[in-house]
Amino acid sequence: MLEFDSIVAGIVAGDAMAKASPVTSLYAGTVHPGRYLVLVGGATAAVEIALEIGGTDTLVDSLFLADVHPAAIATLTTADTGFIVDGDALGIVETSASATAIVAADTGVKAADVTLLALRLADDLGGKAYCLFTGLVADVDAAVESSVAGIEDRAKLIRATVIPQLHAEMADNLAAELRFNRQLGRLDGSS
């Protein structure tokens, strides 16, 4: 994934990447605050070529994961509502860039027996991103610690924490909707 602070640079890079390398998937689009993401997948060599072609012009963040955990892929490609916090603890890792959050999610879910509940990237978050883990307290601790250790640029880590025994009302809110205004819409029936 390449994260650009210029929409034009992102579109140009995405086009060049698709033309230069036989990647099996390419997803591109805008995220807040006025950034552009280009995510490619496929054979390792094809993705490496695409990332080289994408360049570094106006690049905010990037990542290359050769063996992405299936849970990280699943959370990127499904809606972020309807999950249940079913463990003894909730782990949260918040970052200032989308690519960094993907690395944190992938690293954490590989490090411990946890469920990756959500992976939110930049939209409606002012450019921030975060991931949520659940499981036994010790496993969530290990996942969050590994996530933090896996972040190379510490300036992109905003905060990470583990909440043991999340209160039922907070868990219900997370399961219903991660966005506050949509939560309020549920109360007045306008969602």
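From the list T81, T77, T56, pick out the single residue that is among the hydroxyl-bearing types (S, T, Y), at pLDDT below 90 and not assigned by TED's automatic domain parsing to the domain that holds S147.
T56
Return only the number of the condition from (1) assigned by TED's automatic domain parsing to the domain that holds E152; (2) of a type outside the set (S, T, N, Q); (3) within 18 Å of the chain's Cα centre (by Cα); (4) surrounded by 22 or more Cβ atoms within 10 Å (Cβ to Cβ) that Y36 does not satisfy.
(1)
Considering only residues that are in a strand (DSSP E or B) and hydrophobic (A, V, I, L, M, F, W, C), which ones fall in region 1-30?
Result: L2, F4, L26, A28.
On the given criteria, is G108 at pLDDT 85 or above, buried (at least 19 other Cβ atoms within 10 Å of the Cβ) and of a type in the set (G, A, S)?
In short, yes.
The values are calculated or read from the model by the stated rules, or taken from the named source; none is laboratory data. A quick note: this is a predicted structure, and the numbers were derived from the prediction, not measured. Neighbour counts run over all protein chains shown; Cβ positions are idealised from the backbone, glycine included.
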